[in-house]
Amino acid sequence: MSWIVLQLAEVMMEIYDLDQSAAQWIVAILAAGFVPAMALAWVFEFTPSGLKRESEIRHTEAEERASGGRLDRILIGLLALGLVVLAVDRFVLEPTTKTVDGAVAQPEAAPAVTTAQRPSIAVMPFLDLSPAGDQDHFASGIAEELLNLLTRVPGLDVAARTSSFSFKGKDVPISDIAAALNVRYVLEGSVRTSGERLRITAQLIDAATGFHVWSENYDSASGDLFEIQEDVAGRVVRVIEPTLLARLPPIERADPEAHALVLEAEYLAGQVTPESLTQALQRFQAALDLDPDYARPWLGLSVTYNNLAATGMVDWDAGHQQALAAAERSLELDPDSPGAYDQLAWIARTYQGDVPAAARFLEKALALAPRNPDVVGHAAVLLQSIGRLPQALPLHEFSVERDPLDPIGLFNLGLAYYFADRLEAAAAQLRRVLQLSPEYRGAHYRLGTIALRQGDCETALAEFEQETDPEFRTKGRALALFALGRREEADAALEALTDGWGDQWPSEVAQVHAFRGDVDAAFEWLERDFAVAGAAGWGEWRLMHLYENLHDDPRWEAFLARVGASDEQLAAIEFAAPAVDQLLGLAQ
């Protein structure tokens, strides 16, 4: 009977979200009532006439049979009720999983899904269950911190954030998510705030069976947020692979208010809109006002200033100088930050034009995070920019395998295939980009250049017309219309490109002139580009097929030497990037 009561209590607590301490009181009450119940059972007995003292009963054979049969039916009924409760708990409530948009999905008894057999996990964005629905940034931030913490456990494969968070707001069964990300386990959860009360719920699901293998509720009174995150990570690792528990790294602690501001800032920065980037800067700075030695907001400031400069929201030089100073400060506070080294490498290559420095920074980032898809992807881009495309391609592919739903990684892989003249493979990757992100800047333009190179000018024009970026769309039209012999329209498109973007991006105008065979005009615009943008980026830009009409002109090699991108100059750059088989053999 006590067991049945406990099972009913467990189900009711789950339904009504009662505190786990209620179970302790129920057990205490049942234990206290055990001795009186035994005493009463010894003194009293159920009979057909009701409850009587044992001494008052005169048993007959028929009465005993009636009493025994009635008691048997009661016991059978109670046992049946217990089995129903257990079945509901195990096969209805327990394996039922909430998808990332809160919809309920019933996993099949034996899902026909191939999941990874190695220790592997995806961390889904946590749900915001707050009454006001205004804590999405906090819920996503907690999930991202757990993901980052688990990523640092050597021997545990963790699906990249971009891919796992791409399922946010989508009604997708857990088994399908695990199959898409090639993981065995999925961690999901929720955050609920009400006034000063905070509840975090986390649950780990084995995608191979559909069963919950661990779940827990955390209230703010049980410890601070950092302790909760450490406990969740420890419980997850203990379930997935206990031998990895000793490798769980400590979590960085900071001022709680500053930490909350950073979570909000990172959420805003990830939206990459003018308004959100400006708000992110304000939150990062507010966090630093509270805790100036907190490395994380310094890194966030650096990335945000980079994005602001790249989108033209702040002055190009001023924005990158602020990004550089913030990244250097972040690294000073956290010398083992792969993110800071990666950011410094990006600034060195794209802004300073210092490819050897970028290589040194990336080597350090790779040593700290050798299987991070962003770091590996950046290493691949650097390799192809210094003329080592055969070495770059496997790293691009490795990065995409680790983060299969990231449009940026897929786009970079498609571009690398294009440079390698693997045009069908390039087109396939770019179409995947558009499936994931239909408005992705440059994807239709690149598909148009592929069709143009294949001689299908009508398809090229159709792709260019669908491009969302107005500069790429205008440039593409100038190329395709010229290839189609529609010279007057092509001239008008080139004029529009020159008037609209020539001052900002002279290299784009140079490429059109080069494609048309206007060699002198092309070199004139290349000189303008050098005056505006300097030497940065030419190691990769020299791979553009649109410049092919310039290759036999002696001015081409002279120009490449001026920008540090001649064959000899690129070959002299030292960059010890690992091969893919080395990455696969690394513990992290």
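The values are calculated or read from the model by the stated rules, or taken from the named source; none is laboratory data. Treat the numbers as computed from the prediction; the structure is a model and nothing was measured. A quick note on method: Cβ atoms are made from the backbone with ideal geometry, for glycine too, and the neighbour counts reach across all protein chains shown. The area values use the complete protein model at the heavy-atom level, side chains included, leaving out ligands, DNA and RNA. Shrake-Rupley method; radii C 1.70, N 1.55, O 1.52, S 1.80 Å.
Tell me, Kirkwood radius of region 336-473 from alpha-carbon pair distances, in Å?
On the way: mean 1/r = 0.0642 Å⁻¹.
Across region 336-473, the inverse of the average 1/r is 15.6 Å.
Rounded to whole numbers, the Karplus 3J(HN,Hα) couplings from phi for region 380-392 are 5, 4, 5, 4, 5, 6, 10, x, 10, 4, x, 7, 6 Hz, using 6.51 cos²θ - 1.76 cosθ + 1.60 with θ = phi - 60°, and x at Gly and Pro. In region 209-294, the alpha-carbon atoms span a convex hull of 143 Å³ per residue. Candidate cross-link partners of Lys170 among the aspartates and glutamates, defined by an alpha-carbon separation under 12 Å and a same-chain spacing of 8 or more, comprise Asp101. Taking the average, over residues, of other Cβ atoms within 10 Å as the packing measure, peptides 424-434, 180-190 rank 180-190, 424-434 from highest down. The packing ranking of peptides 279-287, 316-324, 508-516, highest mean first, is 508-516, 279-287, 316-324, where packing means the average number of other beta carbon atoms within 10 angstrom of each residue.
Which percent of the accessible area of region 420-523 is formed by carbon and sulfur heavy atoms (probe 1.4 angstrom)? Working shown, then result.
Numbers: 2110 of 4680 Å².
On region 420-523, the fraction of accessible area on carbon and sulfur atoms equals 45 percent.
Counting only protein heavy atoms and using a 1.4 Å probe, the accessible area of Asp354 comes to about 60 Å². Near Val183, the amide H atoms lying under 5 Å from its own belong to Ala116; only residues 5 or more places off or on other chains count, and H is placed 1.01 Å from N. Using the Cβ-Cβ distance between Ala325 and Lys168 with R0 set to 45 Å, the FRET efficiency from 1/(1 + (r/R0)^6) comes to roughly 0.85.
Using the per-residue mean of other Cβ atoms lying within 10 Å as a proxy for protection, in what order, highest first, do the peptides 541-554, 262-275, 144-157 fall? Could you put the intermediate results ahead of the total?
On the way: 541-554: 15.7, 262-275: 18.4, 144-157: 20.5.
Top of the packing list down: 144-157, 262-275, 541-554.
Taking all protein chains as shown and a probe of 1.4 angstrom, Val519 keeps an accessible surface of around 40 Å². Roughly to the nearest percent, how much of the accessible area of region 299-367 is carbon and sulfur, given a 1.4 Å probe? Here it works out to 51 percent. Largest to smallest in accessible area, the residues Trp538, Trp505 fall in the order Trp505, Trp538 (1.4 Å probe, all protein chains included).
Taking the centroid of alpha carbons for each part, region 129-152 and region 437-493 are 41 Å apart. In order along region 243-256, the phi-based Karplus estimate (6.51 cos²θ - 1.76 cosθ + 1.60, θ = phi - 60°) of 3J(HN,Hα) comes to 5, 8, 4, 5, 8, 5, x, x, 8, 6, 9, 8, 4, x Hz; Gly and Pro are listed as x. With all protein chains kept in place, the per residue accessible area of region 236-343 amounts to 47 square angstrom at a probe of 1.4 angstrom. Surface calculation, 1.4 Å probe, protein heavy atoms: Glu252 sits at approximately 90 Å² accessible.
In order along region 337-347, phi translates into HN-Hα couplings of 8, x, x, 5, 5, 5, 5, 5, 5, 4, 5 Hz, rounded to whole numbers, per the Karplus curve 6.51 cos²θ - 1.76 cosθ + 1.60 with θ = phi - 60° and x for Gly and Pro.
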